[in-house]
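The values are calculated or read from the model by the stated rules, or taken from the named source; none is laboratory data. Keep in mind that what you see is a predicted model, and the values were worked out from it rather than measured. Glycine also receives a Cβ, built like all others from the backbone with ideal geometry; neighbour counts cover every protein chain displayed.
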Amino acid sequence: MKARDNSPGTRAEGLAADHLERHGLVIVERNFRTRHGEIDLIARDGDSLVFVEVRLRSRGDFGGAAGIAEMLLQSQNGQIQLLPALPKAWENGSLKGVCARGGFVIDLEWKKGELTTFRLYSKSGGSAAINYHNQKTTLKTVPGRWYELNKDFKWSSIGK
């Protein structure tokens, strides 16, 4: 008989799963292992998959969840790169509420492997430089506002 794991990390994952289920999500997988690391919880919220990394760790290794996030969004050297390594198997999807360097929150959606919706919230103002494939744009933002990039790669403010 296998001993039950009562470690703090396992208890924290259980609390996170309970929280998600109370809010209507369905837990699809726990401790999903990839060659890049482990994802603590995968939940379904309607048609969306939600990847959860529980942050109760004694070390700073966030493994698989960080790897997945990096395939969909990268923010470094003052640039935000959209869908830099989208797997072909993920033809349609969305990413919501992901923080990017510079004080930005990102929502994006894609269909048939192509970006269809991109929204950016500015927490602190400043310039946002966005790259998607060979298209680049920069936006000067105001704190507390949402912005949307249209199909012509032009910006519009969509309010608070």
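Are any residues in segment 7-50 on the phi > 0 side of the Ramachandran plot and either of a type in the set (Lys, Arg) or at pLDDT 85 or above (or both), and if so, which ones? First the steps, then the outcome.
So the first thing to find is which residues in segment 7-50 are on the phi > 0 side of the Ramachandran plot, and the list is 24, 31, 37, 46.
24, 31 - these are the residues of segment 7-50 that are on the phi > 0 side of the Ramachandran plot and either of a type in the set (Lys, Arg) or at pLDDT 85 or above (or both).
If you scan segment 95-130, which residues turn out to be among the polar types (S, T, N, Q) and surrounded by fewer than 16 Cβ atoms within 10 Å (Cβ to Cβ)?
116, 117, 124, 127
Which of the residues spanning segment 66-102 are without any contact (Cβ under 8 Å) to a residue 24 or more places away in the chain, of a type outside the set (Phe, Trp, Tyr) and not in a strand (DSSP E or B)?
70, 71, 77, 84, 85, 87, 89, 91, 92
Which of the residues spanning segment 141-160 are part of a strand (DSSP E or B), surrounded by fewer than 11 Cβ atoms within 10 Å (Cβ to Cβ) and in contact (Cβ under 8 Å) with a residue 12 or more places away in the chain? I'd like the intermediate steps shown before the answer.
At the first step, the residues of segment 141-160 found to be part of a strand (DSSP E or B) are 141, 145-149, 155-159.
Add one more test, that the residue is surrounded by fewer than 11 Cβ atoms within 10 Å (Cβ to Cβ), and what stays is 156, 159.
Of everything in segment 141-160, just one residue is part of a strand (DSSP E or B), surrounded by fewer than 11 Cβ atoms within 10 Å (Cβ to Cβ) and in contact (Cβ under 8 Å) with a residue 12 or more places away in the chain, namely 159.
Would a scan of segment 117-130 turn up a residue that is farther than 22 Å from residue 154 by Cβ and among the hydrophobic types (A, V, I, L, M, F, W, C)?
Keep residues of segment 117-130 that are farther than 22 Å from residue 154 by Cβ, which gives 123-124.
Next cut, among the hydrophobic types (A, V, I, L, M, F, W, C) only: none.
Scanning segment 117-130, I find no residue that is farther than 22 Å from residue 154 by Cβ and among the hydrophobic types (A, V, I, L, M, F, W, C), so the answer is no.
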